[in-house]
Amino acid sequence: MTFLLLLVTLTACAASPQDLSGKMFTFPQETNTARVILTPTPIQEFSALTICHRSFTDLKRDHALFSLATQSNSNALLIFWDETNKEMEPHIRDKKTEYRGQDYKPNTWHSICTTWDSASGLVQLWFDGQPSMRKYVSSGAIRGSTMIILGQEQDTHGGGFDLKQCFVGMMSDVHMWDYTLSPCEMQKYVDDLNFTPGNVLNWRAMEFQIIDRVLIEDKLMTCH
């Protein structure tokens, strides 16, 4: 009985949220296994959302920046860089739109936010604080059990990874909301000011699981 209680206590501790402020995930090599599984607040339906993160890479090929899959949609929410066409591609419910013209410099921290509303079906990309035009991508809510992964692109719910679509680099400050952020809140996030943390994913209270070689390190910033 004592052993069982200890085991339950250890399991609870392992699953408790961690404050990752000032930290980053480092994905140091090309692989089709290394990834971070994020545990969101239990929500079975999204009628709107905002996802923000900061990333740093020198990749010169396609790669996934954020992958959320459900049983019915492997690309329920995917943020993907298409190197051939030099475009950022938000996917919603297995449909996508394209944004070109972003100055996606290598070896530079970039803040990338995406908003979407199911009523209008419109998606908008905010790249380093600059808003893009709003484009139609998909109407209707995202429903079902979600699997959220950093570092890989899901072709199936929790799997189907492609070596040439994995992310190599650093990632930090991942937040997700079940509503669209206002422009002012978006700017606060970009400037790392006192913004409202995500109510679905909160970098300051994150539950996650690391698979294979992904490191948690102090966030590397430029010395001023």
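Sort the chain into rounded, prolate or oblate with this rule: let a ≥ b ≥ c be the square roots of the eigenvalues of the Cα gyration tensor; rounded if a/c is under 1.5, and if a/c is not under 1.5, prolate when a/b is larger than b/c, oblate otherwise.
Working: a/c = 1.40, a/b = 1.26, b/c = 1.11.
Because its axes are fairly even, with a/c under 1.5, the chain counts as rounded.
Stretched out straight at 0.36 nm per residue, the stretch from Arg100 to Leu163 would grow longer than its current Cα-Cα span by 20.2 nm. Computed from the Kirkwood radius of its Cα pairs, the Stokes-Einstein diffusion coefficient for the range 58-106 at 4 °C and 1.567 mPa s stands at 116 µm²/s.
On a 0 to 90 degree scale, rounded to 10, what angle separates helix 2-15 from the longest Cα axis of the chain? That helix lies at roughly 20 degrees to the long axis.
Taking every lysine pair in the chain that is 8 or more places apart or spans two chains, those with Cα atoms closer than 17 Å amount to 9.
With a Förster radius of 30 Å applied to the beta-carbon distance between Thr84 and Ser16, the computed FRET efficiency rounds to 0.10. In this Cβ point-charge picture (+1 for Lys and Arg, -1 for Asp and Glu), the chain has a dipole of about 140 debye about its Cα centre.
Neighbours of Gln102 by Cβ distance under 10 Å: Lys/Arg scored +1, Asp/Glu scored -1, total 0. Shown is the FRET efficiency for Ala119 and Glu217, computed with R0 = 45 Å from the Cβ-Cβ distance and rounded to the nearest 0.05: 0.65.
Please give the net charge around Thr180, taking every other residue with its beta carbon less than 12 angstrom from that of Thr180, where Lys and Arg add +1 and Asp and Glu add -1. Let's see the in-between values first.
On the way: positive: Arg134; negative: Asp117, Asp178, Glu185.
Within the 12 Å Cβ shell, the charges total -2.
Only one residue of Ala205, Ser21, His91 has its Cα farthest out toward the positive end of the dipole of the chain, where Lys and Arg carry +1 and Asp and Glu -1 on Cβ, and that residue is His91.
Given Cβ point charges of +1 (Lys, Arg) and -1 (Asp, Glu) and nothing else, what value in debye, to the nearest 20, does the dipole of the range 151-224 about its Cα centre take? Kindly include the intermediate steps, with their values, before the conclusion.
Working: 5 positive and 12 negative charges, 20 e Å.
So the magnitude is around 100 debye.
When the chain is fully extended, how far beyond the present Cα-Cα distance does Asn107 get from Gln71, taking 0.36 nm per residue of separation? Roughly 9.5 nm would be gained on extension. Relative to the current alpha-carbon distance between Thr41 and Ser139, full extension at 0.36 nm per residue lengthens the span by 33.0 nm. Run the quick spin-label model on Thr33 and Thr196: label points 7 Å from Cα toward the beta carbon, then report their separation in nm to one decimal. The answer from the label model is 4.2 nm.
All of the numbers you see were taken from the coordinates with simple rules; none came from a lab. All values reported here derive from a predicted model rather than from experimental measurement. All Cβ positions, glycine included, derive from the backbone under ideal geometry; neighbour counts span all protein chains shown.
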